[in-house]
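I have placed the structure first, in the form of structure tokens, so that the comments after it can refer back to it.
A short reminder: the numbers here are calculations on the coordinates, not readings from a lab. Bear in mind the structure is a predicted one, so any value in this text is a computation, not a measurement. Heads up, the Cβs are rebuilt from the backbone with ideal geometry, glycines too, and the neighbour counts pull from every protein chain shown.
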Amino acid sequence: MTRDLSTPPVLPSGSLSDSPQPVLPAAQGLVLRPWQSTDAATFLFAYQDEEIRRWHTRRPSSENRVLEWFARYRQDWEQDRGGHWAVTRDGSEVLGRIAMGSVNLDEAIAGVGYWVLPAARGAGVATHALSALSAWAMDEIGFHRLHLDHSTRNHASCRVAAKSGYQPEGTMRSAGLHDDGRHDMHLHARVRDA
Ligand SMILES: CC(C)(COP(=O)(O)OP(=O)(O)OC[C@H]1O[C@@H](n2cnc3c(N)ncnc32)[C@H](O)[C@@H]1OP(=O)(O)O)[C@@H](O)C(=O)NCCC(=O)NCCS
């Protein structure tokens, strides 16, 4: 395909899709693994939580929709667009979600996002999952920069970002549309070797 870019690609096409989506170990026995159809009910249940609904406006409406999302997750991997993992205890019980999207292989940049089920919060699950995903993306795949944003009112997410090495880069005014209106968004990023 013609790229029309003056710079050579930092990461080649196939950087994700040439291998099966990996299972990633994280601290405290956490395991990041691809979503399975048997996770659909738990995934749907997560979006009943007030905090997840407060910060995530894109929500599945049924288990069938969840299965469609999971199919799109697999396509994202197969087309080098992203990766989506269940954060689990020992590979079985689902505790949360972590994902990499907005992948730009030419520039070796991607975005990340996450949520954790209410019962599993406050124990470092999001921080350990984000740290493991980031280390894999940078050290194994070769991404140069990973970024995330969160509402300036979402203090827990700000802590997760900071604890995982995502330094604050500023405030994007009115950049996030939530159920209760527009929010200013904090931008954070982790840059390789910086
Ligand atoms: C944000 C979220 C992912 C954090 O998951 P988690 O596994 O509990 O995160 P961790 O345990 O790794 O760290 C949570 C940190 O936030 C802090 N925190 C939690 N609630 C907080 C609050 N209301 N105000 C300030 N800090 C808060 C904790 O004290 C902890 O920081 P510390 O280690 O410095 O004490 C989880 O709360 C969640 O899913 N929330 C709803 C969805 C969401 O916000 N997704 C992110 C959208 S950008």
Quick one: is residue 103 crowded, with 20+ Cβ neighbours inside 10 Å and more than 10 Å from the ligand (Cβ to nearest atom)? yes
Against the condition closer than 19 Å to residue 51 by Cβ and part of a loop (DSSP other than H, G, I, E, B), how does residue 122 come out, does it pass? yes
Check 148, 130 and return the single one that is of a type outside the set (Gly, Ala, Ser), surrounded by 15 or more Cβ atoms within 10 Å (Cβ to Cβ) and touching a His at 6+ places or on another chain (Cβ under 6 Å). 148
Take the residues in the stretch 106-119 that are within 9 Å of the chain's Cα centre (by Cα) and not aliphatic (A, V, I, L, M); name whichever of them is surrounded by the fewest Cβ atoms within 10 Å (Cβ to Cβ). 111
The number of residues in the stretch 164-179 that are within 27 Å of residue 59 (Cβ to Cβ), free of Cβ contacts under 8 Å to residues at least 60 places away in the same chain and not small (Gly, Ala, Ser) is 4
Using the structure shown, decide if residue 90 is away from the ligand (no atom under 16 Å from the Cβ) and within 21 Å of residue 29 (Cβ to Cβ). yes
Pair list, Cβ under 9 Å, 6 or more apart: the stretch 122-135 residue within 8 Å of residue 26 (Cβ to Cβ) and more than 8 Å from the ligand (Cβ to nearest atom), other residue among the hydroxyl-bearing types (Ser, Thr, Tyr) and assigned to a helix (DSSP H, G or I): none
Could you check the stretch 151-187 and list, in sequence order, the residues that are under 17 Å from the mean Cα position of the chain (by Cα), surrounded by fewer than 15 Cβ atoms within 10 Å (Cβ to Cβ) and of a type in the set (A, V, I, L, M, F, W, C)? 156, 162
In contact (Cβ under 8 Å) with a residue 40 or more places away in the chain and among the acidic types (Asp, Glu): does that describe residue 18? no
Matching residues in the stretch 40-82 (within 16 Å of the ligand (Cβ to nearest atom) and farther than 24 Å from residue 183 by Cβ) number 4
Those residues that are in contact (Cβ under 8 Å) with a residue 60 or more places away in the chain and either polar (S, T, N, Q) or within 24 Å of residue 57 (Cβ to Cβ) (or both), I need them from the stretch 98-121; list them, please. 98, 103, 115, 117, 118
Only one of these is buried (at least 16 other Cβ atoms within 10 Å of the Cβ) and assigned to a loop (DSSP other than H, G, I, E, B): 59, 81. Name it. 81
Residue satisfying all of: in the stretch 150-194; of a type in the set (Asp, Glu) and outside any loop (DSSP other than H, G, I, E, B); farthest from the ligand (Cβ to nearest atom) among these: 169
